[in-house]
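What follows is a set of notes on a single structure, which appears directly below.
The values are calculated or read from the model by the stated rules, or taken from the named source; none is laboratory data. Everything quoted here is computed from the prediction, not taken from an experiment. Cβ: placed from backbone, ideal geometry, glycine included. Neighbour counts: every protein chain shown. To get the accessible areas, we keep the full protein, side chains included, count just its heavy atoms, and leave off ligands, DNA and RNA. Shrake-Rupley method; radii C 1.70, N 1.55, O 1.52, S 1.80 Å.
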Amino acid sequence: MTAQQPLTYEAFVELALADSAVVGLVLKGSQAHEGLTTKHSDHDLYVVLADDAATDTTRFTGHRTPELDLVVVPLSEFRTAGMPGFERYALARARIVLDRLDGGIAQLLADKARLDVDEAFRDSRNWLDAYANSLYRSVKNDRDGHSLAARLDAADSIRFLLELLFALDRRPRPYNKYLEWELARYPLPGWDTDMLLGAVAHISGTGDVPLQQHLFARVEAAARQAGHGAVLDAWGEDLDLMRPR
């Protein structure tokens with residue numbers, strides 16, 4: 001295509017459908033999240049090729065324009081994309097445009113959307129410790145009159161908190177852009193979405209210590225129920241600073 005006639009999403013899909021070496025097309029990003037597209041939204045498309053296929057479609061590797069961003073990969077590479085990695089959530093909520101593997105592409109996406117039991121336990125344990133660390137620093141800094149540090153640590157703690165809550169539900173954490181979208185459609189078990197989002201917003205902006213402590217009480221109960229009591233108990237008497245007064 002010339003600079004005057006850029007390759008469109010529709011035109012590329014038509015080309016891909018005509019190539020038997022293309023076994024999957026997977027649309028991710030805003031176009032895969034109903035209600036989140038804007039005039040600036042491009043089409044982010046994974047193009048999955050049969051392993052060792054001889055195909056001219058590889059010429060589109062690295063193609064990127066304001067309209068169309070292509071990631072062209074063999075099936076073996078697509079299997080491990082985001083496992084782990086930043087792409088995991090994007091692929092977990094991606095939309096299938098083409099699946100020539102009799103549901104094989106769909107199964108790969110389903111696998112990316114669900115952490116296995118051991119992975120979820122390990123990740124939630126690590127995120128819990130990181131959350132407690134930032135929370136502790138925030139409360140301690142507020143106590144000692146370091147207001148900026150306290151707010152920054154509070155904001156850091158929210159990142160770890162969200163990672164933790166989604167890992168406890170064996171799900172990859174959504175990007176910030178998609179957090180409200182995700183929770184509106186797939187709430188976290190045991191959490192009121194409006195309450196959680198309100199707390200996240202308020203703590204991120206103000207570092208409100210009593211609210212942080214109140215939220216920690218909810219998190220502590222959930223973490224202990226999930227088998228992470230040892231992580232919390234390792235904090236010893238420092239837990240008193242994190243808990244509600």
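Placing unit charges on the Cβ atoms only, positive for Lys and Arg and negative for Asp and Glu, gives the chain a dipole magnitude near 460 debye about its Cα centre. Using the Cα coordinates of the range 1-153, the gyration tensor eigenvalues translate into equivalent-ellipsoid semi-axes of 39, 21, 12 Å, sorted from longest to shortest. Computed with every protein chain present, the accessible area of Arg122 is close to 110 Å² [probe 1.4 Å]. Quick note on the range 49-115: its Rg to Rh ratio, both from C-alpha atoms and Rh being the Kirkwood radius, is 0.96.
Based on the alpha-carbon gyration tensor of the range 1-85 and its eigenvalue square roots a ≥ b ≥ c, which shape applies: rounded if a/c is under 1.5, prolate if not and a/b is larger than b/c, or oblate? Note, shape of the range 1-85 comes out oblate. Per-residue ellipticity at 222 nm computed for the chain from its helices equals -15500 deg cm²/dmol, with DSSP H segments shorter than 4 residues left out and the rest contributing -39,500 (n - 2.57). Computed from phi, the 3J(HN,Hα) profile of the range 158-165 under the Karplus parametrisation 6.51, -1.76, 1.60 (θ = phi - 60°) reads 5, 4, 5, 4, 5, 4, 5, 5 Hz, with x in place of Gly and Pro.
Note on exposure: Tyr186, Tyr178 ranked by accessible area (1.4 Å probe, complete protein assembly) read Tyr186, Tyr178, with the most exposed listed first. Counting only DSSP beta bridges whose two residues both lie in the chain, roughly 60 percent are antiparallel.
Computed with a 1.4 Å probe on the full set of protein chains, the accessible area for Lys140 sits at about 60 Å².
If you model the range 113-222 as an ellipsoid using its alpha carbon gyration tensor, with each semi-axis the square root of five times an eigenvalue, the axes come out at 24, 15, 11 Å, biggest first.
Around the amide H of His43, modelled in the peptide plane, lie the amide H atoms of Leu68, Asp69, all under 5 Å away and 5 or more residues distant in sequence or on another chain. Largest to smallest in accessible area, the residues Thr38, Thr55 fall in the order Thr38, Thr55 (1.4 Å probe, all protein chains included).
Here the calculated FRET efficiency for Asp194 and Leu239, from their Cβ-Cβ distance with R0 = 22 Å, stands at 0.20, rounded to the nearest 0.05. With R₀ set to 30 Å, the beta-carbon distance separating Leu7 from Ile96 gives a calculated FRET efficiency near 0.90. Pick out, from Leu239, Val97, Thr193, the residue whose Cα sits farthest towards the positive end of the charge dipole of the chain, with +1 on the Cβ of Lys and Arg and -1 on the Cβ of Asp and Glu. Looking along the dipole axis, the top candidate is Leu239.
With the convex hull of its Cα atoms as the shape, the range 151-207 has an orientation-averaged projected area of 3.6 nm². Taking 20 Å as the straight-line reach from the Cα of Lys177, the lysines in range (excluding those fewer than 8 positions away in the same chain) are Lys28, Lys39, Lys112. Rounded to 0.05, the FRET efficiency of the Gln107 and Thr65 pair, given R0 = 35 Å and the Cβ-Cβ distance, is 0.65. Here's how it looks for Val72: its modeled amide H is under 5 Å from those of Val47, Gly62, which are all 5 or more places away or on a different chain.
Figure legend: label point modelled 7 angstrom from the Cα of Arg114 along Cα→Cβ; residues of the range 59-103 with amide N under 20 Å from it are 79-85, 88-96, 101-103.
Summarising the amide proton neighbourhood of Asp51: residues at separation of 5 or more, or on other chains, whose placed amide H is nearer than 5 Å comprise Leu75, Ser76.
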